[in-house]
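To start, the structure under review is shown below, and the notes come after it.
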Amino acid sequence: MKKILISLFLLVFLTSCMDKVDERGFYIEGKNIGINKMTKSIYDNEGYDINGYNKYGFDKTGYDKKGYNSLGFDKNGINKRGYDKDGNYHNKYKFDRMLEEKSFGFDSAKEYMVKRFSLKNTYMYSAGKGEFETTKDYNSRLQSDQRKYLNTLMDSYFIYDAGKMDIEYNADTQEMVFTVYSYEDTENVKENDGKIERKVKHFSIPFEEKEEFRLKMNVEEAKEFDRSKVKIKMIISPLYEAIAGDTKTLNEYGMREKQERNIDYDRRTDDYRSIVGYRIYDDNKIYYEKTLDINMREAFIKYAETLIDEKDIKQQYYPARIYKKDDKIHFIKEEYVRNSFRNKFIRYVYDLKTKKITKDRKLENYTSFDIRKEYKNWQKF
């Protein structure tokens, strides 16, 4: 009897020391966590891991961790870019899904700003011409790489939760005024050659310096309104700036020009990202939402696709000058002219109504001054 009791005690003891497994046979503690006891691999007999996904990243219902199937559509039949199977764009649905993602403060966003996005600088996403590669094959590969990169840009964004916003009450109109600004931050960095570079990072509203939203509110309501609890969450994208040319300016100044401009640095680099949407809200209410401007997005993408089709993406760095007025967006592309004291300008006109783009050379002999004069009454990007 004594031996039986000892044996039972040892059995219970050994059992309690064994690593636990879940109902599907996966170890849930110990050094073998995530391994299936029966198959001795990370997958069970049906080919799914401990989280329920197969080696292709799909669960038993056919959806991945982000909720999309192998065709790229979610359970509501809408893909990652907000389109359904018939090509209809679901703006609010896409906007809401984007804002469900993890957001960043400025310190985290600064790391994102370090990455260069530019459709102009082809070396960033395509290797140079190979020794045994013909020029025709190289150009074909380059076009393919540029299209792939454009697709990457279209899906590139992050959610920013530290935007700049003012809230003020206008007693005359009895309105609470929410003003959203472009955000800017500067820092000086000493380069390897000893020169100082001032890096200016912008989160900019396309074609606008600021935007206002007005909410009707009487004086008594305004007195009770707690502005400190109101937050803003933004969608930041590199798409527009990358297509325009990453909107980077690099200037070197002489001593006299430094004195005239009252600056103490040798170089300046501007990094831009676009504020393509935002939500103003508190814990109880959404006050205003600016969803993505799909028409403007399509205009920029069409311009980029046109340049790629024309094999006209240059490595020389000249940001496009972009202007908007009514239902037209004009993309002014600057081209280098060898042995000339000035470059030439090629214009691409996008019609927001017809969704068509045309190219003309009416500005070919213009100077930069002529361009500014021509578009002085237009909104500048």
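Within region 265-279, at least one residue is assigned to a strand (DSSP E or B), modelled with pLDDT under 95, open to solvent by 20 Å² or more (accessible area, probe 1.4 Å) and over 22 Å from GLU208 (Cα atoms).
Determine if region 335-347 includes at least one residue that is under 28 Å from ASP155 (Cα atoms) and either modelled with pLDDT of 95 or more or not aliphatic (A, V, I, L, M) (or both). Checking region 335-347: at least one residue is under 28 Å from ASP155 (Cα atoms) and either modelled with pLDDT of 95 or more or not aliphatic (A, V, I, L, M) (or both). The set of residues from region 158-178 being part of a strand (DSSP E or B) and either open to solvent by 60 Å² or more (accessible area, probe 1.4 Å) or within 15 Å of GLU220 (Cα to Cα) (or both) comprises ASP166, GLU168, TYR169, ASN170, GLU175, MET176. Residues that are on the phi > 0 side of the Ramachandran plot, small (Gly, Ala, Ser) and over 19 Å from the mean Cα position of the chain (by Cα) do occur in region 59-67.
Residue count for region 193-248 satisfying the condition of being among the charged types (D, E, K, R) and either open to solvent by less than 40 Å² (accessible area, probe 1.4 Å) or touching an Asp or Glu at 6+ places or on another chain (Cβ under 7 Å) (or both): 13.
For every residue, the table says whether it meets (1) open to solvent by less than 60 Å² (accessible area, probe 1.4 Å); (2) at pLDDT 90 or above; (3) among the charged types (D, E, K, R); (4) assigned to a loop (DSSP other than H, G, I, E, B).
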site: LYS75; (1), (2), (3), (4): no, yes, yes, yes
site: ASP86; (1), (2), (3), (4): no, yes, yes, yes
site: TYR112; (1), (2), (3), (4): yes, no, no, no
site: TYR123; (1), (2), (3), (4): no, no, no, no
site: SER126; (1), (2), (3), (4): yes, no, no, yes
site: LYS129; (1), (2), (3), (4): no, no, yes, yes
site: PHE132; (1), (2), (3), (4): no, no, no, yes
site: GLN143; (1), (2), (3), (4): yes, no, no, no
site: LEU153; (1), (2), (3), (4): yes, no, no, no
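Let's see how each residue does on (1) assigned to a helix (DSSP H, G or I); (2) modelled with pLDDT of 90 or more; (3) in contact with a Lys or Arg (Cβ under 6 Å, 6 or more places away or on another chain); (4) open to solvent by 50 Å² or more (accessible area, probe 1.4 Å):
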position: LEU14; (1), (2), (3), (4): yes, no, no, yes
position: GLY34; (1), (2), (3), (4): no, no, no, no
position: TYR48; (1), (2), (3), (4): no, yes, no, no
position: TYR63; (1), (2), (3), (4): no, yes, no, no
position: TYR68; (1), (2), (3), (4): no, yes, no, no
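A Cβ distance below 9 Å, combined with a sequence gap of six or more or placement on separate chains, defines the contacts here; from region 159-175, residues that are closer than 17 Å to GLU224 by Cα reach residues that are β-branched (Val, Ile, Thr) and open to solvent by 40 Å² or more (accessible area, probe 1.4 Å) in the pairs TYR169/VAL219; ALA171/VAL219; GLN174/VAL219. Within region 284-332, the residues that satisfy the criterion of being free of Cβ contacts under 8 Å to residues at least 40 places away in the same chain, open to solvent by less than 50 Å² (accessible area, probe 1.4 Å) and not hydrophobic (A, V, I, L, M, F, W, C) are ASP312, ASP327. Here is the figure for region 50-61: residues that are touching a Lys or Arg at 6+ places or on another chain (Cβ under 8 Å) and of a type in the set (Ser, Thr, Tyr) total 1.
Within region 369-381, if we keep just the residues that are touching a residue at least 24 places away in the same chain (Cβ under 8 Å) and open to solvent by 30 Å² or more (accessible area, probe 1.4 Å), the residue that is farthest from ILE322 (Cα to Cα) turns out to be ASN377. If only residues of region 18-32 that are surrounded by 15 or more Cβ atoms within 10 Å (Cβ to Cβ) and hydrophobic (A, V, I, L, M, F, W, C) are counted, the one that is nearest to GLY72 (Cα to Cα) is PHE26. Residue count for region 296-322, restricted to those that are under 23 Å from PHE369 (Cβ atoms) and modelled with pLDDT of 95 or more: 0. Candidates in region 24-58 are the residues that are hydrophobic (A, V, I, L, M, F, W, C) and free of Cβ contacts under 8 Å to residues at least 24 places away in the same chain; of these, the one that is nearest to ASN69 (Cα to Cα) is PHE58.
The values are calculated or read from the model by the stated rules, or taken from the named source; none is laboratory data. Here the structure is a predicted model, which means the values were calculated and not measured. Cβ atoms come from the backbone with ideal geometry, glycine included; neighbour counts cover every protein chain shown. Ligands, DNA and RNA are stripped out before the accessible areas are found, and what is left, the full protein with its side chains, is counted by its heavy atoms. Shrake-Rupley method; radii C 1.70, N 1.55, O 1.52, S 1.80 Å.
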